[in-house]
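The values are calculated or read from the model by the stated rules, or taken from the named source; none is laboratory data. Note that the structure is predicted; figures quoted are calculated from it, not measured. Neighbour counts run over all protein chains shown; Cβ positions are idealised from the backbone, glycine included.
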């Protein structure tokens, strides 16, 4: 599997184009906006997109989803149904600068922990990681040791939990119980900012480093 990250929206959200090297079939994760730029990246890589994947329903991650799905004629998979209230609220932001045209939609497939998604010959597993939003999920490619974690974890930080239906303790539990078991050598693409590894964050992240939880 290969991938390219395209920062989009005024929040520099990491939209990711992923594809199977054998088939050149791929997926787009979290197309929050700047859809023309996303399509330019798809064309530049020569990828045929099969589906859109969503980690959660916040505007900067999901705002451009309906438009891109229509342009490409592909289904939307994710997030977990507990984020329905966020997706239904996207219409309220359609006039916000940088998010013009954002609108609600109905995913073709809601996702829960234990499910898988496929594009080309690539399979990624789904884990439910609430705390930032109640329906937040992450996508993990075991073979390639890569994960798309949305706004759960960042290099040196963690996602906000003060937004509607967020919860700090739940977020910390999601990171420690759902992300750490995927392996220290797993590289993750966060929703914003640079990539990192779970091992690095377990060592130095000031919010979830292992030393903070030692007896």
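Tabulated results
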quantity: Among the candidates 134, 181, residue that is at pLDDT 95 or above and either part of a loop (DSSP other than H, G, I, E, B) or farther than 28 Å from residue 26 by Cα (or both); calculated: 134
quantity: Matching residues, the stretch 86-99, being surrounded by fewer than 14 Cβ atoms within 10 Å (Cβ to Cβ) and either touching a strand residue (DSSP E or B) at 6+ places or on another chain (Cβ under 6 Å) or touching a residue at least 40 places away in the same chain (Cβ under 8 Å) (or both); calculated: 97
quantity: Count - residues of the stretch 165-178 that are assigned to a helix (DSSP H, G or I) and surrounded by fewer than 20 Cβ atoms within 10 Å (Cβ to Cβ); calculated: 7
quantity: Flag if residue 102 is touching a residue at least 60 places away in the same chain (Cβ under 8 Å), more than 22 Å from residue 172 (Cα to Cα) and crowded, with 24+ Cβ neighbours inside 10 Å; calculated: yes
quantity: Hits in the stretch 43-84 (condition: surrounded by fewer than 20 Cβ atoms within 10 Å (Cβ to Cβ), part of a helix (DSSP H, G or I) and in contact with a strand residue (DSSP E or B) (Cβ under 9 Å, 6 or more places away or on another chain)); calculated: 44, 45, 72, 82
quantity: Check on residue 185, more than 20 Å from residue 14 (Cα to Cα) and in contact (Cβ under 8 Å) with a residue 12 or more places away in the chain; calculated: yes
quantity: Check on residue 7, within 18 Å of the chain's Cα centre (by Cα) and either over 19 Å from residue 134 (Cβ atoms) or part of a loop (DSSP other than H, G, I, E, B) (or both); calculated: yes
quantity: Given (1) crowded, with 17+ Cβ neighbours inside 10 Å; (2) under 26 Å from residue 87 (Cα atoms); (3) touching a strand residue (DSSP E or B) at 6+ places or on another chain (Cβ under 8 Å), index of the condition residue 193 fails; calculated: (1)
